[in-house]
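Asks: Before I ask anything, let me first share the structure, which is written out below as structure tokens.
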Amino acid sequence: MSRTVSSTVHPIQRCMAASNPSAWWDGLVIDADGTTGTVALLNGTTVELRVIGPAVDIAVGEAVAYHPVAELLSASAVLTTARLA
């Protein structure tokens, strides 16, 4: 499966994520409405994210990774910008 990189992802975000690989937080999507998503992180916290890009591809129950420094959300088919709501 190929990954779609949203046009909202800037090269500096990708560089920040690549230079800080341990900053990714794994979690599961517990709510998604096309513009925001709520992710239950595996560390026990929940974050609400404003997704800027193809959020329609992110589904409830999907495993994702969130990079808070680079403000990126990675799902199985998409890498997009996501900021705390």
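The values are calculated or read from the model by the stated rules, or taken from the named source; none is laboratory data. Everything numeric here is computed off the predicted structure, so don't read it as measured data. Cβ placement follows ideal geometry from the backbone for every residue including glycine, while neighbour counts extend to all protein chains displayed. In case anyone asks, the SASA skips ligands and DNA or RNA and just uses the protein heavy atoms, side chains included. Shrake-Rupley method; radii C 1.70, N 1.55, O 1.52, S 1.80 Å.
Asks: Out of the total accessible area of the range 10-85 (probe 1.4 Å, heavy atoms of protein only), what percent is carbon and sulfur?
Replies: 59
Asks: Of the residues Glu62, Glu48, Glu71, which exhibits the maximal mean-square fluctuation in a Gaussian network model of the chain defined by a 10 Å Cα contact cut-off?
Replies: Checking each option, the largest mean-square fluctuation is seen for Glu62.
Asks: Accessible surface of Ile30 in the full protein assembly, 1.4 angstrom probe, to the nearest 10 Å²?
Replies: Rounded to the nearest 10, the figure is 90 Å².
Asks: Just need the relative contact order of the chain here, percent rounded to a whole number, with Cα pairs under 8 Å and 6+ apart.
Replies: Numbers: 191 pairs, mean separation 29.7, N = 85.
That works out to 35 percent.
Asks: Same structure again: Please give the solvent-accessible surface of Val64 in Å², to the nearest 10, using a probe radius of 1.4 Å with every protein chain present.
Replies: Approximately 10 Å² of Val64 is accessible to the 1.4 Å probe.
Asks: On to the next question. Please give, to one decimal in nm, the separation of the simple spin-label points placed at Val60 and Thr46, each 7 Å out from Cα toward the Cβ.
Replies: A separation of 1.2 nm, rounded to one decimal place.
Asks: As a test of the formula, what do you get for the chain when each DSSP H run with n ≥ 4 contributes -39,500 (n - 2.57) and the sum is divided by the residue count, at 222 nm and rounded to the nearest 500 deg cm²/dmol? Please report the intermediate quantities before stating the final value.
Replies: Values: 1 runs with 9 residues, N = 85.
So the calculated ellipticity at 222 nm is -3000 deg cm²/dmol.
Asks: Considering just Cα atoms, how many Å³ per residue does the convex hull of the chain enclose?
Replies: Cα convex hull per residue, to the nearest whole number: 84 Å³.
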